[in-house]
1. Determine whether residue 36 is at pLDDT 85 or above, polar (S, T, N, Q), open to solvent by less than 50 Å² (accessible area, probe 1.4 Å) and not in a loop (DSSP other than H, G, I, E, B).
2. Taking segment 162-197 as the search range and keeping residues that are out of contact with any helix residue (DSSP H, G or I) (no Cβ under 9 Å at 6 or more places or on another chain) and open to solvent by 50 Å² or more (accessible area, probe 1.4 Å), which one is modelled with the lowest pLDDT?
3. Given the conditions (1) in contact (Cβ under 8 Å) with a residue 24 or more places away in the chain; (2) hydroxyl-bearing (Ser, Thr, Tyr); (3) open to solvent by 20 Å² or more (accessible area, probe 1.4 Å), report the number of the one that residue 290 does not fulfil.
4. Would you please name the residue that is least open to solvent (accessible area, probe 1.4 Å), looking only at residues in segment 255-282 that are assigned to a loop (DSSP other than H, G, I, E, B) and free of Cβ contacts under 8 Å to residues at least 40 places away in the same chain?
5. Out of (1) over 18 Å from residue 237 (Cα atoms); (2) part of a loop (DSSP other than H, G, I, E, B); (3) open to solvent by 10 Å² or more (accessible area, probe 1.4 Å); (4) in contact (Cβ under 8 Å) with a residue 12 or more places away in the chain, what's the single condition that is false for residue 404?
6. When segment 467-497 is examined, which residues are found to be surrounded by 13 or more Cβ atoms within 10 Å (Cβ to Cβ) and aliphatic (A, V, I, L, M)?
7. Starting from segment 420-433, keep only residues that are under 15 Å from residue 491 (Cβ atoms), then list their pairs with residues that are modelled with pLDDT under 95 and among the basic types (Lys, Arg) whose Cβ atoms are within a distance under 8 Å, requiring at least 6 positions of separation or different chains.
8. Name the residues in segment 73-117 that are among the hydroxyl-bearing types (Ser, Thr, Tyr) and assigned to a helix (DSSP H, G or I), would you?
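The values are calculated or read from the model by the stated rules, or taken from the named source; none is laboratory data. Since the model is a prediction, treat every value here as computed from it, not as a measurement. Every residue, glycine as well, gets a Cβ built from its backbone with ideal geometry; the counts of neighbours run over all protein chains shown. What goes into the accessible areas is simple: the full protein's heavy atoms, side chains included, and nothing from ligands, DNA or RNA. Shrake-Rupley method; radii C 1.70, N 1.55, O 1.52, S 1.80 Å.
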Amino acid sequence: MKIFRNTVGSVEIISYYTGYVVLCMAVLMLIPIATSLIFAEWNPLLDFLISMAITVLVGLGMVLFGWRTRLQKAHIQWKHGFVVAALSWLILMVLCAIPTMLSGNVGSMLDACFDVMSGFTTTGLVLTQNLDHLSSGLNMWRHMLTFIGGQGMVVLALTVMVKGTNGAYKLYVGEAKDIELVPNVKGTTRIIWKISMVYLLIGTAALWVDGMLIGLSPVPAFLHALYIFESAWSTGGFAPMTQNIMYYHSVSYETIAMVIFIIGSFNFGLHYAIWQGKRKELIKNIETQSFFITSFLACMLAVYGLEKLHVYPDAVSFFRRVVFNVLSAHTTTGFGNIYARQFALEWGDFGILIMVFAMLIGGSACSTAGGFKGLRMGIVFKGLMMDVKKLLCSERNMKVYKFHYMKDHILDDSLVRSSSVIIICYMALFGLGTLLGTFYGYPLASSAFEAASATGNVGLSIGVTAPGTPAGLKIYYIVAMYMGRLEFLSVFALFGYVAGGVKKLCVKSFRH
């Protein structure tokens, strides 16, 4: 009976905090509701009212079920933090897909869940149809999801709703964030949102002015600026038009968006350090060093490969079509200014391979970006160099090796090993996706490109992701986006927790 009581206590803790996260998202549905009211969109308004009511009921039910957690001030364990993060994303995927499903712009609930998970994970792969004629309310909702997902739903809940949470750091880490900007977790989450909101004002203003200069009227220019900023900052890739960033046909608009998504791919700790006047961190940080090296190499190799194929005629074309898309891939943004099939038909195997590598590496840890991160790339590389130097040095002259990441850290074998394990998990998930794509009849290069895009939370497509894509492949992409964004540990914790619960129930039933 003791085992049973402990299990119930854990369920109540998980239910209580997951319910708070759900309620937080329910409150945010007021924004698309207000947008629908402003633009007199009555059907979308009703869709969001229904969705909000369902979400509130689910959230309240979960909070009330775990209310004893609050009364007894139950202690949050590491497993609770990881499970709450992983479970919140799954529940919210379904609840937040209701407005999209009710809108009639998707073919099934699976497609609606796909788009929501793509938004939450800042991926940007799209199955929603008729994008050019979506309601303002639904467009606001889509881009809100990717903006909120970039910062994190649990981070938002800790910032706004959960006060004095015992073990808040364990909830925070469960969402694949581990940097502490200040000693207090609530203070850290507030700084993350403060940074994002300051950039939101600056970036939206810049895009709004440029949008009007290229011919958009003030209201559409503002909405487009807001949507594009939310996607760029969150390295999300959603756009209000089917042609994505190509719709604007503007070098200046693309350049502003590129600056935003490069900045958005950097660690929140780096932003905070620069705000604090520590500008040398931009140069000393192992993560920025890794990013600038790999992005430069990827851009140069892609330009060289496509120059041999004579795809683009001049330097401006190479900057707009090659450098932009490679950096969009490397930062895991997913903005594209060429058609999806042009990757397959014009870029060749070499160009596709460069894009696959860039998408898998991704941006910075504790940022809005996906991929296995430049930090881990730098740690593994330095670990390799450390082992080589150890072999060449005398045992009497063994030295301590360090790397700089906000501060100096000792480079030890356990850190290199943990980074390597995460990279291996990403590569295994990517390999499975490539295998599955070829199983369904897609070419190897196309399968690898799309698998890398989903696993790295990028959003660029080579044409595989479409409403007619086999259901099995859609489910894999949902799982890949989900696991890649949470960096596996939270998802493994959820699976282990559920498996452990089922095992205990089976043992109990067998004994009776």
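1. Numbers: at pLDDT 85 or above: yes; polar (S, T, N, Q): yes; open to solvent by less than 50 Å² (accessible area, probe 1.4 Å): yes; not in a loop (DSSP other than H, G, I, E, B): yes.
Against the criterion (at pLDDT 85 or above, polar (S, T, N, Q), open to solvent by less than 50 Å² (accessible area, probe 1.4 Å) and not in a loop (DSSP other than H, G, I, E, B)), residue 36 qualifies.
2. First, the residues of segment 162-197 that are out of contact with any helix residue (DSSP H, G or I) (no Cβ under 9 Å at 6 or more places or on another chain): 166, 183, 187, 194, 197.
From what is left, the residues that are open to solvent by 50 Å² or more (accessible area, probe 1.4 Å) are 166, 183, 194, 197.
Working: 166: 53, 183: 66, 194: 89, 197: 92.
Ranking the qualifying residues of segment 162-197, first place goes to 166.
3. Unmet condition: (3).
4. So the residue we want is 277.
5. In the conditions (1) over 18 Å from residue 237 (Cα atoms); (2) part of a loop (DSSP other than H, G, I, E, B); (3) open to solvent by 10 Å² or more (accessible area, probe 1.4 Å); (4) in contact (Cβ under 8 Å) with a residue 12 or more places away in the chain, residue 404 misses (2) alone.
6. Scanning segment 467-497 gives 473, 475, 478, 479, 480, 481, 483, 486, 489, 491, 493, 494.
7. 422/376
8. Residues of segment 73-117 among the hydroxyl-bearing types (Ser, Thr, Tyr): 88, 100, 103, 108.
Within segment 73-117, 88, 100, 103 meet the criteria.
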